1. In whole angstrom, note down how far apart the Cα centers of the range 87-117 and the range 42-77 are.
2. At 1.4 Å probe size, with the rest of the protein present, what percent of the exposed accessible area of the range 123-169 is carbon and sulfur atoms?
3. Suppose every Lys and Arg Cβ carries +1 and every Asp and Glu Cβ carries -1, with no other charges. What dipole size does the range 1-123 come out with about its Cα centre, to the nearest 20 debye?
4. Assuming 0.36 nm per residue, please report the length gained on full extension of the stretch Leu135 to Leu252 beyond their Cα-Cα distance.
5. With axes computed from alpha carbons, what is the tilt in degrees of helix 230-269 against the longest principal axis of the chain, rounded to the nearest 10 within 0 to 90?
6. Once you mark the chymotrypsin sites (Phe, Trp or Tyr not before Pro) that are in a DSSP loop and have at most 14 other Cβ atoms within 10 Å, what is the longest gap between them in the chain?
7. Can you classify the range 19-72 as rounded, prolate or oblate using the Cα gyration tensor, where a ≥ b ≥ c are the square roots of its eigenvalues, rounded means a/c under 1.5, and otherwise it's prolate if a/b beats b/c and oblate if not?
8. Roughly what would the spin-label model give for Arg225 and Leu180, points 7 Å off Cα along C-beta, in nm?
Amino acid sequence: MKRMTWFNVTSLTLGFAFLYLPMIILVIYSFNASKLVTVWAGFSTRWYSELLQNEAFLNAAWVTIKVAVISSSIATVLGTMAAYVLVRGGRFMGRTLFSGMIYAPLVMPEVITGLSLLLLFIGIGLDRGVLTIVLAHTTFSMCYVSVVVSSRLVSFDRSLEEAALDLGSSPWEAFRLVTLPIIAPAVISGWLLAFTLSLDDLVIASFTAGPSATTLPIKIFSAVRLGVSPEINALSTIMIAIVTVGVITASLVSKRSSLRAQEEARAAERPAT
């Protein structure tokens, strides 16, 4: 194992400081009693209570969560189906076009995607609101799910499916009872990725949102243009706390699952008595 040099330690320190020091400062100033975000006037939780009474932010947060859950769920189903077709479908007419349409949103600028969807919704006479945001987020996040699930299906041992079919299972039962549980971590990862992308999206939502549906990134961006308020610091701190808890929980669950799998593997290797 190589020893850490002063250059490596300095680089890591500066890198982590550049990433996390602004977040730490933001969290500290969310408890600032002053209205000025750059002047410390004492510790206070005043802005958290005022945030909970801000109907505009609460409504935007509810719309954002609703859109993220619905769009990521639909994108996960469609992306998994698309990945299964691309990996297991072999060569069929239109495969190149199909795969190109699936992966195009990965490299397409969000401005172009948002503008094209806006023109589509206007052309078909669909009023902009929650539905249009869900459709837009499903469109661009589905490809990310497809990439994640495809990478797992490529390395999947098909002999397990064949064994289930030989034992009398139908193709649907083999997929539901054998394939899906094995690729479930990739499917869940795809859902989390789609949920995060939807939660964080600003550009596409700006084109497809209407007066009746404003997402949290749009609301925060509009508020910041008039100046950063302590309520935004409080809101950002809450979001950081939720993400931190989610990451820690996912890490603990993953570690527990890995330990359980290792214990089962060791148990299977023990000779029967």
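1. 31 Å
2. Whole-percent figure for carbon plus sulfur exposure: 57.
3. Dipole of the range 1-123, to the nearest 20 debye: 540 debye.
4. Between Leu135 and Leu252, full extension yields an extra 38.8 nm.
5. In the chain, helix 230-269 runs at an angle near 20 degrees to the longest axis.
6. With chymotrypsin sites (Phe, Trp or Tyr not before Pro) excluded where exposed in loops, the chain gives 93-273 as its longest stretch.
7. oblate
8. Between Arg225 and Leu180, the simple spin-label model gives 4.5 nm.
The values are calculated or read from the model by the stated rules, or taken from the named source; none is laboratory data. Here the structure is a predicted model, which is why all the values come from computation and not from measurement. All Cβ positions, glycine included, derive from the backbone under ideal geometry; neighbour counts span all protein chains shown. These accessible areas exclude ligands, DNA and RNA; they are computed on the full protein's heavy atoms, side chains included. Shrake-Rupley method; radii C 1.70, N 1.55, O 1.52, S 1.80 Å.
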